[in-house]
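Peer 1: I'd like to ask you about the structure that follows.
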Amino acid sequence: MENFICILCVILIIVLYRLYRIKTLHFSNDELAPFIGTNVIMRLDSIMYGVFGAFLYYYKIPIWRKYNNLFLILGILIIVLYTYSIPGFNYSIAEVDSMKPLGCLFFLPKLSSMEKTTWKGAKFVTFISIISYSMYLLHTTIVLEVIMWPLFGFFNLEDLTSYKVIVLKYILYWVLTIMLSSLVYICFERPMTNLREKLAR
């Protein structure tokens, strides 16, 4: 119970701090998005939602398993409501940054129950989950800023908004991200993980 209260207190403190900073800065949502998105302290509640999920899984496993379908529905509703512009629903950047991680948390009970599947695409999904950290590190700084923007600038395509160019950019973005992330995982992340396990024995 003490751990539960501690986790909730940390989440509450972070959310209140973010709200305080937003109120004192007087920025618009467009100005706040990059400020909050690049400020680690402002986003620590996202990590704490994961900690809260781990707490539920470890100490409240019956609830975690019994209501996994309900949690999944709640997660989908939250993600949809806070991602797409729905008439009658207006949210601040502070609300969005708090609710989207919560929506992702509600996906976990159902996803953790899917231990085996005959779906042919499962191996690809598993592989993407394995290289996901490398994808997180590379997708913006390396793929977009170092490779794609200079590449499209060289061919004078950065300002083109035709359907074909947009599709080309999108496909190239994913291909480069997955390829480079795979290389980083195979050449660095996996060897380092294996080395860590050997040293821990």
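Peer 1: Between M99 and I171, how many nm apart are label points set 7 Å from Cα along the C-beta direction?
Peer 2: Here the modelled spin labels are 3.6 nm apart.
Peer 1: Region 119-201: which GluC sites (Glu not before Pro) are DSSP loop and have at most 16 other beta-carbon atoms within 10 angstrom?
Peer 2: E158
Peer 1: Report the calculated FRET efficiency for M179 and Y58 (r = Cβ-Cβ distance, R0 = 35 Å), to the nearest 0.05.
Peer 2: Rounded to the nearest 0.05, the efficiency is 0.40.
Peer 1: Please report S46, S181 as a ranked list, fewest other C-beta atoms within 10 angstrom at the top and most at the bottom. Can you show the working numbers first?
Peer 2: On the way: S46 17, S181 25.
Fewest-to-most Cβ neighbours within 10 Å comes out as S46, S181.
Peer 1: Right, another one. Any chance you could run the full-extension gain for E197 through L12? It's 0.36 nm times the residue separation minus the Cα-Cα distance, nm to one decimal. Don't skip to the end; give the middle numbers.
Peer 2: Working: separation 185, 0.36 × 185 = 66.60 nm, distance 3.62 nm.
Separation in residues times 0.36 nm, less the Cα-Cα distance, equals 63.0 nm.
Peer 1: Assuming R0 = 22 Å, can you tell me the calculated FRET efficiency for the pair S129 and K66, based on Cβ-Cβ distance, to the nearest 0.05? Could you put the intermediate results ahead of the total?
Peer 2: On the way: r = 25 Å, r/R0 = 1.14.
The pair S129/K66 has a calculated efficiency of 0.30.
Peer 1: Given the pairs K60/K100; K66/K120; K60/K198; K23/K100, which are separated by over 29 angstrom at their Cα positions? Please report the intermediate quantities before stating the final value.
Peer 2: Values: K60/K100 23 Å; K66/K120 27 Å; K60/K198 33 Å; K23/K100 21 Å.
Violating the 29 Å Cα-Cα cut-off are K60/K198.
Peer 1: Neighbour counts of other C-beta atoms within 10 Å: give me S113, S182 arranged from fewest to most. Before the final figure, lay out each step's value.
Peer 2: Values: S113 12, S182 16.
With the sparsest Cβ surroundings first, the list reads S113, S182.
Coordinate-derived values only; no laboratory data. These numbers were taken from a predicted model, which means no experiment stands behind them. Reconstructed Cβ throughout: ideal geometry from the backbone, glycine too, with neighbour counts over all protein chains shown.
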